[in-house]
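Encoded as structure tokens, the structure appears first; notes follow it.
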Amino acid sequence: MHFAKLNRTFAAMSKDRFYLIAGPCSAESFEQLDVVAEEVKRAKHFYAFRAGVWKPRTAPNCFEGYGEIALQWLSKVKDRHHIKIMVEVASAEHVELCMKYGVDVLWIGARTTGSPFAVQEIATALTSYPDIPVWVKNPVSPDLALWIGAIERLRQAGSKQVGAIHRGFRQYNFKPYRNAPVWELMLELKQEMSDMPIICDPSHIAGNRSYLKEICQTAINMETDGLMIEVHPCPDEALSDSEQQFTPEKFFEIYSSLLFRHDCASSDKIEQYRTVLDGIDKELLSLISHRMKLVAEMGELKKRENISVLQFERWKKMMDSCYKQCEKLGLRKEFVDKILSVIHTESMRLQNEIFESEE
Ligand code: PEP
Ligand code: MN
């Protein structure tokens, strides 16, 4: 059996460099890792080669990673290419196995960050390895305190190099991305922990490679300290996350087209506000689109049951409850009136169209 020499190098983590992490979602074979490492190691800012060995999947019966044998492939790749290798850990056992095979950098996945017992277990296992860099992904839900809590558990257990990864948040019916980026939350974390690098994982935000470039550029505009990007030799055949992975060629094409900013002038700050506002607009449209789909479904039902499109009492009740809410939210009643009336008019137009349509 092959074991990597434990030649880890521990340059302190800093905010003065850009961290590019690239590699496949999952380690699938030595050859797959070898091909991707050969390419991505040449990229500017390259920091570490990622690959999932244990995959926390939402549903059972999905590919859950090759485990220890994949660590053997990775340690061979590390020796051949002289690169740092990076693996996701979700338990103390994972930490010990990673240490055994010379893994240089660890990350904690979104599903694990949200579980304080699991994070504590990992933090405790890491007390013997205080110099190993650990990157903590945000929890699945936009809960800043939970994210910070995980970072603090690691720091309190003695980890000297802890960074954060913004990988987006699960939001009900959010489209078109797989996970909603919440840039304001990233800024809040930056304010709370200004010495810690915070990078972005556009692959898990996008869920689809066609959106990756725009998310990478936005992250850079928001002064991300790095990017974690999934790269696979044949993405369509990948055993996990096939839609969001890049081929090495596409990765280079996109990565070299990104505009990096070195210092942040006041116009860049304005750009950051715009990015946050653009994100909010995207969420608003996504919610409105969801609302319209439900309105259409209800239209079908009303038609079948022979119920009229407009029900004045229901409309009045809804408006009253909105007026009460706008006081609390600091919104002017006239303004809210206008927005709701436009939405309501469109909803009625849609239901009338359904009423008039042939069966
Ligand atoms: C991953 O990086 O492959 C992964 C599982 O990510 P996340 O924890 O962000 O879902
Ligand atoms: Mn993945």
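What follows is calculated from the coordinates using simple rules that are stated; it is not laboratory data. Source: prediction; values computed, not measured. As a convention, Cβ positions derive from the backbone with ideal geometry for all residues, glycine included, and neighbour counts pool all protein chains shown.
When you restrict to C-alpha pairs under 8 Å that are six or more residues apart and normalise by the size of the chain, the relative contact order lands at 14 percent. Computed from the C-beta positions of residue 243 and residue 300 and an R0 of 35 Å, the FRET efficiency is 0.65 to the nearest 0.05. Given the options 250, 160, 317, state which has the largest fluctuation in a GNM of the chain using a 10 Å cut-off (strictly under) for Cα springs. For the chain, modelled as a Gaussian network with Cα springs under 10 Å, the answer is 317.
If R0 is taken as 51 Å, the Cβ-Cβ distance between residue 175 and residue 129 corresponds to a FRET efficiency of 0.80.
Note on the range 118-170 and the range 271-295: Cα centroid distance 30 Å, given to the nearest whole angstrom. Between 214, 346, 334, the residue with the greatest mean-square fluctuation in the GNM of the chain (Cα pairs under 10 Å linked by springs) is 334.
For the peptides 109-115, 127-133, the ranking by packing is 109-115, 127-133, with the highest mean count of neighbouring Cβ atoms within 10 Å listed first.
Directionally averaged projected area (the chain, Cα convex hull): 22.2 nm².
Extension gain for the segment residue 353 to residue 333, taken as residue separation times 0.36 nm less the Cα-Cα distance, is 4.2 nm to one decimal.
Listed from fewest to most Cβ neighbours within 10 Å, the set 203, 257 follows the order 257, 203. For the chain, the 222 nm mean residue ellipticity estimated from helices alone, with every DSSP H stretch of n ≥ 4 adding -39500 (n - 2.57) and the total spread over all residues, rounds to -16000 deg cm²/dmol. Given the range 13-127 reduced to its alpha-carbon atoms as identical point scatterers, what log10 I(q)/I(0) does the Debye formula return at q = 0.11, 0.16, 0.18 Å⁻¹? Calculated log10 I(q)/I(0) at the listed q: -0.35, -0.75, -0.93.
Helix screen, the chain: DSSP H segments with Cα axial length of 27 Å or more and mean Kyte-Doolittle hydropathy at least -0.5 are 333-356. For the pair residue 253 and residue 273, a Förster radius of 22 Å applied to the C-beta separation gives a FRET efficiency near 0.15, rounded to the nearest 0.05.
The protection proxy used here, the mean number of other Cβ atoms lying within 10 Å of each residue, ranks peptides 163-175, 292-304, 186-198 as follows, highest first: 163-175, 186-198, 292-304. Residue exposure proxy: 199, 220, 122, 339, ordered by other Cβ atoms within 10 angstrom of their Cβ from fewest to most, comes out as 339, 220, 199, 122. Rounded, prolate or oblate, given the Cα gyration tensor of the range 268-356, with a/c below 1.5 counting as rounded? In terms of gyration-tensor shape, oblate.
In this model, which of 55/76; 269/328; 137/175; 190/269 are farther than 18 Å apart at the alpha-carbon? With Cα atoms farther than 18 Å apart: 55/76; 269/328; 137/175.
The GNM of the chain, with springs linking C-alpha atoms under 10 angstrom apart, assigns the highest mean-square fluctuation among 156, 245, 272 to 156.
Listed by Cβ neighbour count within 10 Å, with the fewest neighbours leading, 209, 57, 314 appear as 314, 57, 209.
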